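The values are calculated or read from the model by the stated rules, or taken from the named source; none is laboratory data. In this text the structure is predicted, and so the values were computed from the model without any measurement. Don't worry about glycine lacking a Cβ; one is built from the backbone with ideal geometry, like all the others, and counts go over all protein chains shown.
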């Protein structure tokens, strides 16, 4: 093996599974520094309430439940525990239109876990992660010289030992795994597979305990290159997307396909070439009984558009990058009929900045149903710089993680750092925690959350001739 595993492994407990030793014995002892101001210890920081004068709402509105039915003249609800139009909650249970929220206190739950170190083929890569069946599931490509395989790691969200799972055999150059949870607590994993002609897309279904339910199932058969796969569950079925190049490699477009029971495709693939020509990357997320497709163009713009459960586009695309300055990075997360998109831009063509926009489905089931966008909001206010965002739902808002880059001479950050922030439905984003020192390159970040407030965050560090894949389990109160 040319992978230097930092997790001591026991012998396989059964075919396809390798049992890990105890949690503490497998950890590296790393110093992460102090948490961000106001996080972890002491009182959580609160965005000052702005209750005087006219209120502004930068995001989509949600007329939520009202406790006593009493409504002010401005459409807001008094501080009686009722819900306002934004869905964000004040310390007393009420909601302000400025997005004021109590900030959670966050800390590392244990230490940073190194998943693997690859010295032979240190290409940039991401570690996929989802929450399913009271566990976090991770998936990554493990290089072995000129070939690579896909591995998963199932880690109980509340603590305890994890399990390594071999998804694909050695011998092919498998890459870019993605995950989505199943209704029963297992996962569906998909990856780019060059076992046939060109790079194709394959998938495999796993039970809640990590045992395989199916063998690898091929999902595509076109003799052209595939990359940027994505998975979600919409309307009772799975839906996958990918970016494919034409025979010349010069035209890149998005395609989708519905996946049925036992990970077998249930309909032909659908090409979205007319709407997505020039795509750099794409991502799907469930939205009510439908899904939303986000894609970034090679020229920098990023879009989102509603799709049906079968993968056809609905309505019109919505432009996320209003200044046409996107850097190609895009992450989506959803809860019910609303969600958040995070993306990177280049301010004045130079300074890397993270921004977010909320969106929601309006007119569901009507002929004119469409996505409605909130205002574009800055997560990394100057002098803070950031790249490679990832997002996940948390409470009544969202978590945004990214690589924060050195901001000297005007700022205080001198080394690249994995940073976690909180974004309410509207209002400013607030930094929560500096998770770990990182490198400027390595691959995209990924994040998942559990219902009880635990977070799994992954990233990769490009350290000279090696790339190290990391995971951190974080607890926010």
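Among the candidates 213, 224, 254, the residue that is without any contact (Cβ under 8 Å) to a residue 60 or more places away in the chain and surrounded by 22 or more Cβ atoms within 10 Å (Cβ to Cβ) is uniquely 254. Take the residues of segment 408-427 that are farther than 29 Å from residue 176 by Cα and at pLDDT 90 or above: which is farthest from the chain's Cα centre (by Cα)? So the residue we want is 414.
Residue 417 falls short on exactly one of the conditions (1) within 22 Å of residue 319 (Cα to Cα); (2) buried (at least 18 other Cβ atoms within 10 Å of the Cβ); (3) without any contact (Cβ under 8 Å) to a residue 60 or more places away in the chain, and that condition is (1). Scanning segment 314-332 for residues that are part of a strand (DSSP E or B) and surrounded by 23 or more Cβ atoms within 10 Å (Cβ to Cβ) turns up 326, 329, 330, 331, 332.
Meeting the requirement of 1 or more residues that are under 14 Å from residue 229 (Cβ atoms) and in contact (Cβ under 8 Å) with a residue 12 or more places away in the chain, the strands (runs of 3 or more DSSP E) wholly within segment 127-189 are 128-132, 135-144, 147-156, 175-181. Taking (1) closer than 30 Å to residue 163 by Cα; (2) modelled with pLDDT of 95 or more; (3) surrounded by fewer than 17 Cβ atoms within 10 Å (Cβ to Cβ) in turn, residue 240 satisfies each apart from (3).
Just one of the listed residues (348, 318) is more than 25 Å from residue 232 (Cβ to Cβ) and either free of Cβ contacts under 8 Å to residues at least 60 places away in the same chain or within 18 Å of the chain's Cα centre (by Cα) (or both), and it is 348. A count restricted to segment 293-307 and to residues that are over 18 Å from residue 389 (Cα atoms) and touching a strand residue (DSSP E or B) at 6+ places or on another chain (Cβ under 6 Å) stands at 3.
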